[in-house]
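First comes the structure, then the notes that go with it.
The values are calculated or read from the model by the stated rules, or taken from the named source; none is laboratory data. Note that the coordinates shown come from a computational prediction; the quantities given were computed from them, not determined experimentally. We place every Cβ from the backbone using ideal geometry, glycine too, and count neighbours over all the protein chains shown. For the accessible areas, the whole protein counts, side chains as well, though only heavy atoms, and no ligand, DNA or RNA atoms are used. Shrake-Rupley method; radii C 1.70, N 1.55, O 1.52, S 1.80 Å.
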Amino acid sequence: MAEIITLAQEAVRSRGAEDARALAAMAVAGEADGTALIEQEEKIPTWRQRDFSDVPVGTPYRWQGQVYKLWQQHNATGQGDWSPDKAVSLWDVCHTTDPARAKPYAAPQGSRGLYQKGECCIWEDQVWRSKADNNAYSPVDYPGNWEAVSNLDTGEEA
């Protein structure tokens, strides 16, 4: 019985690695935007401190509920906390146009992570959709760039 369990675990790991490689290849080739990546985020590996020197730019990773793409190759071993949310010059945060998969608002990282028209975020238990391209502001900082989509508490449309 132990052999069957071990074989099944190896098969699942192998399939997961294969799925992650295929999705990463699509992201690197520009064939998967933030919406497509977030839709399949369960296939994206969790970020860990490691050497990213040979990882193709655009490869996606998950970290603390967000999906990020590698923006700049680097070696993060022994560098302290170079997680995507802190080492903003090395990573690009992804956004989705699907309100059901919206992530908490993430402040843009310089010219990266700007919200584009139609992309959604969660702000104060409400899902918001950007009404403008290159939107650098939260719904509270520039309400004119956002429209309320739904309330997370009630699930009702705004």
Inset, instruction - Out of 14, 53, report the one residue that is over 24 Å from residue 105 (Cα atoms) and either at pLDDT 90 or above or among the basic types (Lys, Arg) (or both). - result: 53
Legend entry - Considering residues of segment 80-103 that are outside any loop (DSSP other than H, G, I, E, B) and in contact with a helix residue (DSSP H, G or I) (Cβ under 6 Å, 6 or more places away or on another chain) only, the residue surrounded by the most Cβ atoms within 10 Å (Cβ to Cβ): 96
Legend entry - In segment 113-158, residue nearest to residue 67 (Cα to Cα) [restricted to those that are of a type in the set (Ser, Thr, Tyr) and either open to solvent by less than 60 Å² (accessible area, probe 1.4 Å) or at pLDDT below 95 (or both)]: 115
Inset, instruction - Could you please give the count of residues in segment 29-42 that are open to solvent by less than 70 Å² (accessible area, probe 1.4 Å), part of a helix (DSSP H, G or I) and out of contact with any Ser or Thr (no Cβ under 6 Å at 6 or more places or on another chain)? - result: 3
Legend entry - Number of positions in segment 109-128 that are under 14 Å from residue 151 (Cβ atoms), in contact with a strand residue (DSSP E or B) (Cβ under 6 Å, 6 or more places away or on another chain) and among the aromatic types (Phe, Trp, Tyr): 1
Inset, instruction - Those residues that are touching a Phe, Trp or Tyr at 6+ places or on another chain (Cβ under 7 Å) and aliphatic (A, V, I, L, M), I need them from segment 23-61; list them, please. - result: 44, 57
Inset, instruction - Looking at (1) open to solvent by 60 Å² or more (accessible area, probe 1.4 Å); (2) at pLDDT 95 or above, find the lone condition where residue 67 falls short. - result: (1)
Legend entry - Members of segment 44-61 that are open to solvent by less than 70 Å² (accessible area, probe 1.4 Å) and under 12 Å from the mean Cα position of the chain (by Cα): 44, 45, 47, 58, 59, 60, 61
Inset, instruction - Filter segment 70-79 for residues that are farther than 10 Å from residue 112 by Cβ and either over 11 Å from the mean Cα position of the chain (by Cα) or surrounded by fewer than 17 Cβ atoms within 10 Å (Cβ to Cβ) (or both) and give the result. - result: 72, 73, 74, 75, 76, 77, 78, 79
Inset, instruction - Looking only at segment 104-122, decide whether some residue is part of a loop (DSSP other than H, G, I, E, B) and touching a residue at least 60 places away in the same chain (Cβ under 8 Å). - result: yes
